[in-house]
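Bear in mind that the values in this text are calculations on the coordinates, not laboratory data. Bear in mind the structure is a predicted one, so any value in this text is a computation, not a measurement. So basically every Cβ, Gly included, is an ideal-geometry build from the backbone, and we count neighbours across all protein chains shown.
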Amino acid sequence: MSNLRDLADRFLKACQGRGILAATAESCTGGLIIATLTDMPGSSSMVDRGFVTYSNDAKMDMLGVREETLDTHGAVSEETALEMAEGALKNSRAGIALSVTGIAGPDGGSAQKPVGLVWFGVAAVGKPPFAEKRIFENNGRDFIRRQTVRTALELGLKALETR
C-alpha cells in the first residue's frame, strides 16, 4: 500500500487533471487530511480549504449539519458524514469534499460505536454523495487517525477515478 505522501500526490494530481479544487471537513482527524494535502508542493492550486469541526456546534455553524441529524444519529454517523461532506462542498469553491467523523480513542467508545469507528463522506459536483464506514483496530489514537487519513484519500481518489 502506498504511503500517505504518495496517496496525497495521486489525489491532488487527479483533482488537477479534472480542473477542480478539494476541500475537507474533519472531526476526529483534527485537520490531518488537509495538512497531508498541503504538505505537498504546489497543492495551493488544487486545495481550496479545510474545515476542522471537532464540536457539534462547529459542524452546525461551519458546515450546516442539522441539529436534528446530530440529535437523532449522533456526530459519528453516516448521516453526519454525508452532511459534513455536502456542507464542505457548498461552503467552498471545491469540486470534491472529503469528510470524516469518528472515535479515535482512547476513550469515548461504546458497544454501538466502538473506538476505531469512523464514517467517511465524499461529495463531488455532479455526483451523488456517498458515505462509508470503517472500524479500525484499536492500536492507539495515532494509528486510527492515520488510517482515517489514508482511507479518506483512497475514497476521494476512487470517486475521482469514476467520474
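Report the label-to-label distance for Glu161 and Ser110 in nanometres (one decimal), using points 7 Å from each Cα along the Cα→Cβ vector.
Simple spin-label model gives 3.7 nm for this pair.
Can you tally the lysine pairs in the chain where the Cα-Cα distance is under 19 Å and the two residues are eight or more apart, or on different chains?
Numbers: Lys13/Lys158; Lys59/Lys90; Lys59/Lys133; Lys90/Lys127; Lys113/Lys133; Lys127/Lys158; Lys133/Lys158.
Lysine pairs meeting the criterion: 7.
I'd like the FRET efficiency for Asp6 and Asn139, computed as 1/(1 + (r/R0)^6) with the beta carbon distance as r and R0 of 25 Å, rounded to 0.05.
0.70
Which value in Å is the Kirkwood Rh of segment 4-161 over different Cα pairs? Don't skip to the answer; put the middle values down first.
On the way: mean 1/r = 0.0662 Å⁻¹.
By the Kirkwood definition, the hydrodynamic radius is 15.1 Å.
If you filter segment 23-93 for trypsin sites (Lys or Arg not before Pro), then keep DSSP loop positions with at most 13 other Cβ within 10 Å, what is left?
Arg93
Compute the separation of the alpha-carbon centres of segment 1-32 and segment 46-99 and state it in Å as a whole number.
17 Å
Label-point separation (nm) for Lys127 and Thr72, each offset 7 Å from Cα along Cα-to-Cβ?
Between Lys127 and Thr72, the label points sit 2.6 nm apart.
How high is the relative contact order of the chain, in percent, counting Cα pairs under 8 Å that sit 6 or more residues apart? Numbers along the way, then the final one.
Numbers: 329 pairs, mean separation 38.6, N = 163.
This gives 24 percent for the chain.
Output wanted: per-residue J couplings in Hz (rounded whole) for segment 57-73, from phi through Karplus 6.51 cos²θ - 1.76 cosθ + 1.60, θ = phi - 60°, x for Gly and Pro.
For segment 57-73, the Karplus-derived couplings read 4, 5, 4, 6, 5, 8, 10, x, 4, 6, 4, 4, 4, 5, 5, 7, 10 Hz, x marking Gly and Pro.
Under the 0.36 nm per residue contour assumption, what length would be gained going from the current alpha-carbon distance of Asp57 and Lys90 to full extension?
This chain segment gains 10.1 nm when fully extended.
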